[in-house]
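Quick notes on the structure that follows.
All of the numbers you see were taken from the coordinates with simple rules; none came from a lab. As the structure is a prediction and not an experimental result, all values here were calculated from the model. So basically every Cβ, Gly included, is an ideal-geometry build from the backbone, and we count neighbours across all protein chains shown.
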Amino acid sequence: MSFFELADNSMWANWLLFTLSAGGVWIFGTKLSSYVDLIADRTGVGRAFAGALLLGGATSLPELGTTLTASASGAAQLAGNNLLGGILMQLAVLAVVDALLLRGKALTLFSPTAALLIQGIFLIFILALALAAISTGELFTIAGIGAWPILFTGVYVAGLWLVYRYEGNPRWMPAGEVEEPPESARDLKDAHKSLYREVSTKQLCLRFGIGCLGVLVSGFVVARVGETLAEQTGLGQSFVGATLVALATTLPEVSTTWSAVRFGAYSMAIGNILGTNSLEVALFLPADLAYRTGGIIDALNPSAAYLGALGIMATSIYLWGILERRDRTILGMGQDSFVILCLYFLGIGFFYFLGM
């Protein structure tokens, strides 16, 4: 029985393989945020930018693996819904971390960073482009590559450049006193720095690269097994891509965001999620390259646009939280986090029951 002939496995064997590979994603992703936090300290780059570029890129490797694998095998709906469904799920990750680690405080209270506002605006912009693409279909191709995915990638790169520039010269500053992380978070971060004091920056980068490779390989397996489970369970590529596969490939974001918040690196935690989400849309370019039966945009169902719209709504809610900076909570989490969790469960439930 070949590893790649997953359809020959029993459904329970594939569930076990899916769980093990998702565990691999988690294990390799757990150290990434601590490495990036140290690299940001030593190089002087801003934490919001480091979260968007380094953490966002590293934690998107499972999405890259699942996207390339699913697209190459012709599962365009699985690939597209995994990318767009993962955006809402990753914003829900912030809400869960807010509820579990900052009980009685709102996560956005600690993150009045101008660069995060720029990231959120660009995320909304690139998601709106994705909705326009799904609505109109592919306009034309360049050397067999769709124009829309090329535009997504260009906007993503421009957004990264602006975040980097804006973080160094912010034009917006928060009113009032900026809240400091809890004492426990500062102590934990100091202990972490002490632990890695003798580790050179070069060695940190090497460890970061090893973690990235492990996340990529585990993500590849998740994609293959998820595609097979979509057929074996009868749930279909759209729903499995938007939930099961998106959940597994979001595990690095869960682990890195959890770790960043524990260290008090709140801007890095939010920057990681916003940066990852922007990259999700840019990954339609490698998906289009791997999908050789036409343009991947043309192969998507309207359900993909619905998922993108949910992502825009959730991003807008967090931008509201960053701007307002009110320390009001519901069930131990910020009001914005509570609204996003409600949006996630209602939105995904609607997605399932309508058979989208």
Can you list residues whose amide H is under 5 Å from GLU138's amide H, if they're 5+ apart or on another chain and H is modeled 1.01 Å from N?
ASP298
Whole-Hz couplings from phi, Karplus 6.51/-1.76/1.60, listed for the stretch 82-93; x for Gly and Pro:
5, 5, 6, x, x, 5, 5, 5, 6, 5, 5, 4
Run the quick spin-label model on LYS202 and ALA128: label points 7 Å from Cα toward the beta carbon, then report their separation in nm to one decimal.
4.7 nm
Amide H neighbours of ILE330 under 5 Å, at least 5 residues apart or on other chains, H built in the peptide plane: list them.
GLN335
Once phi is turned into ³J(HN,Hα) by the Karplus curve 6.51 cos²θ - 1.76 cosθ + 1.60 with θ = phi - 60°, what whole-Hz value does each residue of the stretch 253-266 show in order, with x for glycine and proline?
5, 4, 5, 5, 5, 4, 5, 4, 5, 4, 7, x, 8, 5
Of the trypsin sites (Lys or Arg not before Pro) in the stretch 268-350, which ones lie in a loop per DSSP and count no more than 16 other C-beta atoms within 10 Å?
ARG292, ARG326, ARG328
Inter-part gap, Cα centre of the stretch 200-222 to Cα centre of the stretch 95-135, in whole angstrom, is 26 Å
P(r) weight above 16 Å for the stretch 307-356, C-alpha pairs, percent
43 percent
A correct Karplus calculation of ³J(HN,Hα) over the stretch 148-165, with 6.51 cos²θ - 1.76 cosθ + 1.60, θ = phi - 60°, whole Hz and x for Gly and Pro, returns 4, x, 5, 5, 4, 5, x, 5, 4, 5, 4, x, 4, 4, 5, 4, 4, 5
Treating each Cα of the stretch 56-135 as an identical point scatterer and ignoring solvent, apply the Debye formula and state log10 I(q)/I(0) at q = 0.14, 0.19, 0.20 Å⁻¹.
-0.64, -1.02, -1.08
